[in-house]
1. Above 22 Å lies some portion of the pair distances; for the range 254-329, what is it as a whole percent of all C-alpha pairs?
2. Per the Kirkwood definition applied to all pairs of different Cα atoms, how many angstroms is the hydrodynamic radius of the range 90-243?
3. Which loop GluC sites (Glu not before Pro) in the range 575-656, with loop taken from DSSP, have no more than 11 other Cβ atoms within 10 angstrom of their Cβ?
4. First select every other residue whose beta carbon is under 13 angstrom from the beta carbon of SER117; then total the charges, Lys and Arg +1, Asp and Glu -1.
5. Once the dipole of the range 90-243 is set up with Lys and Arg at +1 and Asp and Glu at -1 on Cβ about the Cα centre, which of SER204, SER177, THR215 lies farthest towards its positive end?
6. Post the alpha-carbon centroid distance, the range 68-112 to the range 551-583, in whole angstrom.
7. Within the set LYS446/LYS559; LYS329/LYS372; LYS618/LYS640; LYS559/LYS640; LYS618/LYS676; LYS379/LYS546, which residue pairs have Cα atoms separated by over 27 Å?
8. Compute the FRET efficiency between SER108 and LEU355 as 1/(1 + (r/R0)^6), taking r as their Cβ-Cβ distance and R0 = 56 Å, and round to the nearest 0.05.
Amino acid sequence: MQSPFAFAFAFVLALAFAFEGRVRSQPKDGCRGNCGNLTIHYPFGTEQGCYLNDGFLITCDRDSDKPFFRKTDVQVLGVSRDGEITLQMPRSYECFNYTGDSLEHKTSGWLSGFPLSSNRNKLIGIGCNTYAYLEGPQGTVYPVGCQSTCLSFNNSERSRERESQTSQPPMEDGLCSGIGCCQVSIPEGIKYFRPVPYSLNNHSLASYFNPCIYTFLVEDGHFNFSVSDLQNLRNITEFPVVFNWFIGDLTCRQVGNNSVCSENSDCIDFGYGPGYTCRCRDGYDGNPYLPNGCRDINECERGNHDCAKPEYCRNNNGSFHCICPKGYKGDATKRCIHNRQEWPVILLGTTVGFLTILLSLCCINQELKRRKQDKLREKFFEQNGGIMLRQRLLRTHSSEDDVRIFTEEEIRRATNNFHESRILGEGGQGTVYKGILPDSREIAIKKARIGDHSQVEQFINEVIVLSMINHRNVVKLLGCCLETEVPLLIYEFMRNGTLFDHLHSPARFNSFLQWEDRLRIAIETAETISYLHSSASVPIVHRDVKPANILLDEKFSAKVSDFGASRLIPSDREQLTTLVQGTLGYLDPEYFHTSTLNEKSDVYSFGVVLMELVSGQKALCFRRSESDRHLVACFASALKENRLDQILENRLQVSEENGRQLKEVAELAVWCTRVKGEERPRMKEVASELEGIRVSLKHHRRRNGHFLLDQENEHLLGDQNLYDGTCNDNNSDRISGYYTI
């Protein structure tokens, strides 16, 4: 099915050029200034000649007296001169019958030419085992989504007993945290979108109380979840969504004197891309898009002045000044004195008083600066979890001396004040920058997202975990910075990026990993995870093993990173019950269904990584057919049916010597991804098996029935190969960060 984005794309491009408005359109006298309850400001308008261009047309329906955006059926709820417009947008949904088959579905896309407001909207998903995400032009998927589930599908005694023992929160009205309802913020700059609901499994078990699943965008604070929404979403079909409007497709510098901004106004860059808005200068008010629209404010009449008395105020064009009346002199903002007073007395008193005040102010100013700096440091230290960090360090018998504390000034110099050219990557936990210390040593700085208080706990957790690990294949934590608005972590710099880059975006480094390098990286990673499970002072479960968290140094040695989601498992326990967290495609299904975390969850994720090393395909790809969308399923099926040649990456140089290695690694990957954790090997066994595969090129080791394949050794070069690179261009299907259930 061809996406509706293709049909409107040419129209949107034409509007983008028309927005610039080099010949300024003037409104006619008597232009309508409202439609119903909506007040309409230029550059928007309802009649020919009353709006800047067709992109700012608001159609007012004469029968209903309701405003609609341009010539569409999308209703306008509000327009502000600050660059925001609120539209009524439809929901997307899919309904199922009692057997779980789809009865009806509808997804509505939108091409407004204006981007979504990233800080004013939320993406909402309603339903059981439902994944909500945003689809872009031509079927691309934006890196944003959330998942909702339900605790049980019936009211049996066994289900109620299981619910009473789980640590997951109950489903209740007003709570949208992953149980029946999920929500997530959206990234910046999205202009073309389609909300899509996706059912993760057979929906027949939930169809009697959740016949339909829903996905929609809504202005933050304008939707309150109710448990009854699982039945029919209270028959609400449309929701308010906020967009950012702007003029043109050029920046203020590019447009120069040809902007539509009127006299006494300034051109303001949009900020998240080309385009601009206008704003009246200080001292002026009105509509900056109309000729002479910004008019002087009389501060004296409004009382917006700092003169000692109202009669001392004199209004200027765009400002005001304070002046003493005739026969008086002095500072009119403080006091006006009569001219007949004795000059010597005034001069002496003024001098003594000035010197006394100046000395006092200097002393007070120095003390206030010192206190302000101390309070600001204490505020940021506490805000960034410094107190919690000290307590956790004491509990784990670690010391603050194990982690160097960098100053904010050091980090700003190292990153050129966090310049965008120093950005190495962005993910669910923040942005990573490259830094250079004064001794020319290169470092990597992870900066948490501003305003995301949930990152503080993961920040502290990563510091604690890394302070307990001493392994050559774990990325080294050099220190942290607690003086800034958001916490910063400083690591050793990995010159060759991530394993994900080399497997799925090889053009970035202009390199290709041959099988020998892939096998070595797999062994190093397996030994590292085995160390975390078996040799660390307190066993550690990484909980997010994936190629994006395996870094490569200058010698292409593996370095395991990103321990923000890791959990310590006390020696007297083998597993923990916790909220499910991980990355879609690598998440252990047993952990997903039971919320029980143990080291076998890492084994499953590592098995998926092995499959990616062999096949070159992503763990989850929405561009593949539905049966092959999950790599684990199609990999195991192909291996069981002796179609190993079809799942190998066709760029690998396969020989008779390494062909047996590829087959044995594929078998090991299937063993690691068994559904039941008790049937999977431990990481120590996995590391041993991989080392044995590398050492033995000629002697095939029998595995006593642990794997799915027979022991026959078939040649691995075939005529067809499932590797076609459909999910390896521009990281189109990459889902970054974490989702919480």
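Quick note: the coordinates plus some simple rules give every number you see, no bench work behind them. Values in this document were obtained by computation on a predicted structure and should not be read as measured data. Positions of Cβ are generated from backbone atoms using ideal geometry, with glycine treated the same way; all protein chains shown enter the neighbour counts.
1. Everything past 22 Å amounts to 41 percent.
2. Kirkwood radius, the range 90-243: 15.9 Å.
3. Numbers: sites: GLU590, GLU599, GLU612, GLU626, GLU641, GLU649, GLU656; in loops: GLU641, GLU649.
Counting only loop positions with at most 11 other Cβ atoms within 10 Å, the GluC sites (Glu not before Pro) in the range 575-656 are GLU641.
4. -2
5. Comparing the listed Cα positions along the dipole, THR215 ranks first.
6. Each part reduced to its Cα centre gives a spacing of 40 Å.
7. Exceeds cut-off: LYS329/LYS372; LYS559/LYS640; LYS379/LYS546.
8. My answer for the efficiency is 0.15.
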